């Protein structure tokens, strides 16, 4: 405790000066060390379990000549995200699947960010073309066919890596 | 982009994990799960098994909710909020236990010429953890998040869904109580 001047002031107000700062620091360090020792024992197991958890996902239905194609929203998003990481200089921030009545596939919005200074339009073109190609691979000849007819470049924010 | 997953910010990791990137979620785990566990252990009176269950539950909830994470709060704060809710539920499910007389009496002080540091630290830790069990839930939570994990008042208020002014008061009372309980260690 009392690691900062603000904190030290408040500690004195609260009467914690009855116990020295060194004692508080030692107690906190000892408590952390005790818990962290157990964490070392269990963290691999917990990590493996956490990574096996599944996520509920909405069904998406697309119409193909042979009949409806059903795919989960999460599969579609993961497949696209994995594909779009191939575009250099940019990163996918979000993928939103639009659905119509009865879970019908209606379109996809891909939000991306680019490294500062990278030319945005070529990156957006590459992302758009790759997304359309991968959607055609995944969904096949659906109706309406996968096309990309509009593109919007919206400069939203500047983030740290 | 081209950077290693270990170098990217929490917000970027959260967005990637929200889109199903398990490598990003693994990095989130590596960065924050140990702190979640420390918090759970101390909020559950040192019950390591219960804390493990609570953190596992919190991580599963986090994975499920990550698609909706938009970065309004820091990822760490958001994870602590989930953990705090899970831990609170776990505490409510536990059967009440009789208060040990030891909790109501002053803690013994170590002799100045006591045993080796390791033993002293173990006793100091035990004294702190015992003293923590006497704090009301919110005071204990605020103290742990501030002193163990270094969260700001605003972040603690976000985790505990209250105001920074209330957090300040809870910390003040918690420090006062702990100081009295730990006075033998001055």
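Scanning the stretch B:47-81 for residues that are part of a loop (DSSP other than H, G, I, E, B) and at pLDDT 90 or above turns up B:47, B:74. Please work out which residue is nearest to the other protein chains (Cβ to nearest Cβ), limiting yourself to the stretch A:58-74 and to residues that are surrounded by 15 or more Cβ atoms within 10 Å (Cβ to Cβ) and under 19 Å from residue A:111 (Cβ atoms). Result: A:74. Being in contact (Cβ under 8 Å) with a residue 40 or more places away in the chain, under 27 Å from residue B:146 (Cβ atoms) and outside the structural domain of residue B:150 (by TED's automatic domain parsing) is a description that applies to residue B:46. As a summary of the residue check, residue A:42 satisfies the conditions (1) in the same structural domain as residue A:106 (by TED's automatic domain parsing); (2) surrounded by 10 or more Cβ atoms within 10 Å (Cβ to Cβ) except for the one numbered (1).
Scanning the stretch B:140-155 for residues that are within 10 Å of chain A (Cβ to nearest Cβ), touching a helix residue (DSSP H, G or I) at 6+ places or on another chain (Cβ under 6 Å) and not in a helix (DSSP H, G or I) yields a single hit, B:149.
Only one entry of A:106, A:101 meets the criterion of being more than 14 Å from chain B (Cβ to nearest Cβ) and touching a strand residue (DSSP E or B) at 6+ places or on another chain (Cβ under 7 Å), and that entry is A:106. Reported count of residues in the stretch B:156-186, each being part of a helix (DSSP H, G or I) and more than 12 Å from every other protein chain (Cβ to nearest Cβ), is 8.
The values are calculated or read from the model by the stated rules, or taken from the named source; none is laboratory data. Fair warning: this is a prediction, and the values are worked out from it, not measured in the lab. Note: ideal-geometry Cβ built from the backbone for every residue, glycine included; neighbour counts use all protein chains shown.
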